[in-house]
Amino acid sequence: MAKIDDVVNFFTDKGKQQHDAFHNSAALIPRDPRTQLKVKVDYTIDGSEVADQMIGVIRLKAGAQIEWHNIEILADTDAAGFNGEIGLVDAEGTFTSKATMGAANPVGSATVPAAHEPELEESTWIVFQIKATVPASGKVSFYIPYIALA
């Protein structure tokens, strides 16, 4: 494994301290039982979508802790008005909004999460509920970051 120690002299003492702190932190990573993941899910709008319809984005296993505030949606120009809320749906079909987002504001804006957002207790669908603007066509990609037990 290559080491950066040979070039540390090019940096200030602060750089050396940052390097040492990183090296020490990196040594702890294998001991941490949690892993951060990000999944990309593509969706093609086919013109049959209507307001308040829910799109199943992905089903995550129990134990996942979703980073709602970091979810992103990217859309092509045909889907420029695509917007809605992303959240969870339970077995009865009840939707719980966790973030509002859309093509005009691609970075998720957390509306429900607070500190100590709980991990999923069971396998759960992450869904996108379409709001009033429904383009006739286009493609969107959802980027869902979450933390899971390794």
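Quick notes on this one:
- Breaking point among (1) within 20 Å of the chain's Cα centre (by Cα); (2) open to solvent by less than 80 Å² (accessible area, probe 1.4 Å); (3) modelled with pLDDT of 85 or more, for A51: (1)
- Test: residue in the stretch 55-73 that is over 16 Å from P145 (Cβ atoms), among the acidic types (D, E), assigned to a loop (DSSP other than H, G, I, E, B) and at pLDDT 85 or above: no
- Residue check for D78: surrounded by fewer than 21 Cβ atoms within 10 Å (Cβ to Cβ) and part of a helix (DSSP H, G or I): yes
- Candidate set: the stretch 57-75, residues that are of a type outside the set (A, V, I, L, M, F, W, C) and open to solvent by 30 Å² or more (accessible area, probe 1.4 Å); chosen: the one nearest to W125 (Cα to Cα): R59
The values are calculated or read from the model by the stated rules, or taken from the named source; none is laboratory data. Predicted model only: the values in this text are computed from it and were never measured. Glycine also receives a Cβ, built like all others from the backbone with ideal geometry; neighbour counts cover every protein chain displayed. SASA here: full protein model, heavy atoms, side chains in, ligands and nucleic acids out. Shrake-Rupley method; radii C 1.70, N 1.55, O 1.52, S 1.80 Å.
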